[in-house]
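Heads up, the thing below is written out as structure tokens.
The values are calculated or read from the model by the stated rules, or taken from the named source; none is laboratory data. Small disclaimer: the values here were computed from a predicted structure and weren't measured. Virtual Cβ from ideal backbone geometry, glycine too; neighbours counted across all protein chains shown. Side chains are part of the model used for accessible areas, which takes the heavy atoms of the whole protein and leaves out ligands, DNA and RNA. Shrake-Rupley method; radii C 1.70, N 1.55, O 1.52, S 1.80 Å.
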Amino acid sequence: MYPFTYHRPGSLADAVKLAGSDEAKIMAGGMTLLPTMKQRLAAPSDIVDLNGLDLAGIKVEGGKVTIGAMTRHADVAGNADLHKAIPALAELAGMIGDPMVRHRGTIGGSVSNNDPAADYPSACLALGATIVTSKREMAAEDFFTGLFETALEPGEIVTKFVFPVPEKANYQKFRNPASRYAIVGVFVAKFAAGVRVAVTGAGSSGVFRQFDFEEALSKIFSTQAIEGIKQSADGLNSDIHADAAYRAHLIGVMARRAVEAAR
Amino acid sequence: MASVTLTVNGKTITRDIDPRTLLVEFLREHMRLTGTHVGCDTTQCGCCTVHVDGKALKSCTLLAVAVDGSTIMTIEGLAKGEDLHPMQAAFREYHGLQCGFCTPGMIMSAVDMVRRKGTDLDDKTIREELEGNICRCTGYHNIVKAIHYGAEAMGKAGTAAE
């Protein structure tokens with residue numbers, strides 16, 4: 001690890017100020033940032049640690065779930081109110097990494113990093129989350145802009161997420177057997193206004209919506225409705241774990257499993 | 001340099017450290033508590049697992065400065081004098097190790113598992129919860145057995161809530 005100056009601001013305003021410099025990096029749980037720094041793939045001049053800020057907590061009210069950016073995966077996975085409101089979201093959090101990583105990693109860190117194989121981006125997109133930052137509110141659609149890329153500007157910090165409660169939803173993940181990241185993960189959410197389907201792990205530009213599935217499922221919410229819809233392999237990742245054609249196939253399989261398991 | 005105060009196994013110490021210092025380096029090199037191991041150094045193997053404010057974390061992926069003020073428990077803090085913790089005793093009794101390198105992390109994870117899941121653990125739960133701990137010798141069979149009986153013993157000894 002290269003040397004850096006460590007900051008632990010006590011207010012969001014101070015954090016924004018410190019994080020605004022070019023070479024600074026914001027640290028939430030550090031579950032991705034620290035391994036990256038240890039490999040010398042990142043060499044920030046300054047680390048702005050958000051653990052001194054009061055940004056954690058889960059609130060369910062008025063058909064909405066609000067989750068603070070510094071809420072740990074384990075706390076999302078274990079929240080009883082969330083299990084009642086959006087069980088799929090709590091279950092998703094329980095599938096991330098391992099128990100120790102879930103004790104430290106945060107929803108804000110995961111979403112801000114926008115790893116193409118991360119789980120949370122699919123939930124944000126499928127549930128139509130509003131992402132609240134230190135300066136504005138954004139729809140998930142506008143937030144995820146590409147591989148590890150988001151609409152966040154330098155110094156802008158995600159503070160919380162607002163998820164509308166769907167009628168039912170489910171997340172199915174085909175895990176890499178070693179890393180446990182998603183080779184393909186599909187989040188299906190059914191609202192009165194229609195169904196939204198988001199796919200992670202597969203797209204070469206990160207998380208995306210599967211509009212053909214959405215249209216079919218909005219008419220009839222059943223596995224048969226999407227059985228015959230072919231997912232193209234164009235723009236999907238190919239690597240030693242799975243080639244694009246296999247990932248395309250898995251998207252259909254995971255989507256059907258999610259429809260079947262949705263509650 | 002940054003000043004850090006940690007309470008490790010009941011002893012509070014303050015040191016000036018390079019902010020790069022990982023918690024595992026702090027424990028092993030500054031405090032000479034070498035029971036916490038570094039296996040992979042990439043957050044995968046779990047040999048470096050310690051409890052920070054009562055929760056299991058991987059100390060190779062944690063800056064010591066970031067947990068300033070915390071209470072840490074390492075493998076050295078589990079036994080009460082000469083008496084092994086019930087989970088340690090179970091690993092010995094059921095031969096839950098071969099080379100022993102992963103054992104400190106396995107035991108710290110197992111104790112955390114009991115805190116979260118209770119003292120009546122089935123094999124499926126134990127195997128799932130061991131996701132973050134890798135053993136390259138045993139094939140896990142005796143580790144799972146040791147955790148099952150260790151958890152049970154913790155229930156009987158009333159140590160589960162500690």
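Given the criteria more than 10 Å from chain A (Cβ to nearest Cβ), among the basic types (K, R) and either crowded, with 22+ Cβ neighbours inside 10 Å or farther than 15 Å from B:R32 by Cα (or both), does B:K55 qualify? The answer is no for B:K55.
When the range A:170-197 is limited to residues that are assigned to a loop (DSSP other than H, G, I, E, B) and more than 14 Å from chain B (Cβ to nearest Cβ), the one that is surrounded by the fewest Cβ atoms within 10 Å (Cβ to Cβ) turns out to be A:A192.
Yes/no matrix, rows are residues, columns are (1) within 14 Å of another protein chain (Cβ to nearest Cβ); (2) in contact with a strand residue (DSSP E or B) (Cβ under 8 Å, 6 or more places away or on another chain); (3) part of a helix (DSSP H, G or I):
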residue	(1), (2), (3)
B:A89	no, no, yes
B:P104	yes, yes, yes
B:I107	yes, no, yes
B:R116	yes, no, yes
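A:D115 fulfils the conditions (1) of a type outside the set (S, T, Y); (2) touching a residue at least 24 places away in the same chain (Cβ under 8 Å); (3) touching a strand residue (DSSP E or B) at 6+ places or on another chain (Cβ under 7 Å); (4) outside any helix (DSSP H, G or I) except for a single criterion, (3). Every condition in (1) open to solvent by less than 40 Å² (accessible area, probe 1.4 Å); (2) part of a helix (DSSP H, G or I) is met by B:K145 except one, and the failing one is (1). Would you mind stating whether B:T49 is closer than 19 Å to A:R72 by Cα, within 10 Å of chain A (Cβ to nearest Cβ) and among the polar types (S, T, N, Q)? Considered against the rule, which asks whether it is closer than 19 Å to A:R72 by Cα, within 10 Å of chain A (Cβ to nearest Cβ) and among the polar types (S, T, N, Q), B:T49 comes out as yes.
Of the candidates A:T200, A:T223, the single residue that is hydroxyl-bearing (S, T, Y), at negative phi and surrounded by fewer than 17 Cβ atoms within 10 Å (Cβ to Cβ) is A:T223. Evaluating A:E167 against the criteria (1) over 29 Å from A:T223 (Cβ atoms); (2) more than 14 Å from chain B (Cβ to nearest Cβ); (3) out of contact with any Leu (no Cβ under 9 Å at 6 or more places or on another chain) leaves one unmet condition, (1). I'd like to know if the range A:75-98 contains one or more residues that are part of a loop (DSSP other than H, G, I, E, B), of a type in the set (D, E) and open to solvent by less than 40 Å² (accessible area, probe 1.4 Å). Yes: one or more hits. Among what's in the range A:28-72 and is open to solvent by less than 20 Å² (accessible area, probe 1.4 Å) and in contact (Cβ under 8 Å) with a residue 60 or more places away in the chain, pick the residue that is farthest from the other protein chains (Cβ to nearest Cβ). Among them, the one singled out is A:V65. Scanning the range A:136-146 turns up no residue that is open to solvent by 10 Å² or more (accessible area, probe 1.4 Å), in a loop (DSSP other than H, G, I, E, B) and touching a residue at least 40 places away in the same chain (Cβ under 8 Å).
Of all residues in the range B:10-34, those satisfying the criterion of being surrounded by 17 or more Cβ atoms within 10 Å (Cβ to Cβ) and part of a loop (DSSP other than H, G, I, E, B) are B:P19, B:R20, B:T21, B:M31, B:L33.
Matching residues to (1) touching a residue at least 12 places away in the same chain (Cβ under 8 Å); (2) closer than 25 Å to B:R20 by Cβ; (3) crowded, with 21+ Cβ neighbours inside 10 Å:
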| residue | (1), (2), (3) |
| --- | --- |
| B:V50 | yes, yes, yes |
| B:K80 | no, no, no |
| B:D83 | no, no, no |
| B:L97 | yes, no, no |
| B:E128 | no, no, no |
| B:R136 | yes, no, no |
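The number of residues in the range A:23-41 being in a loop (DSSP other than H, G, I, E, B) and closer than 15 Å to A:Y6 by Cα comes to 4.
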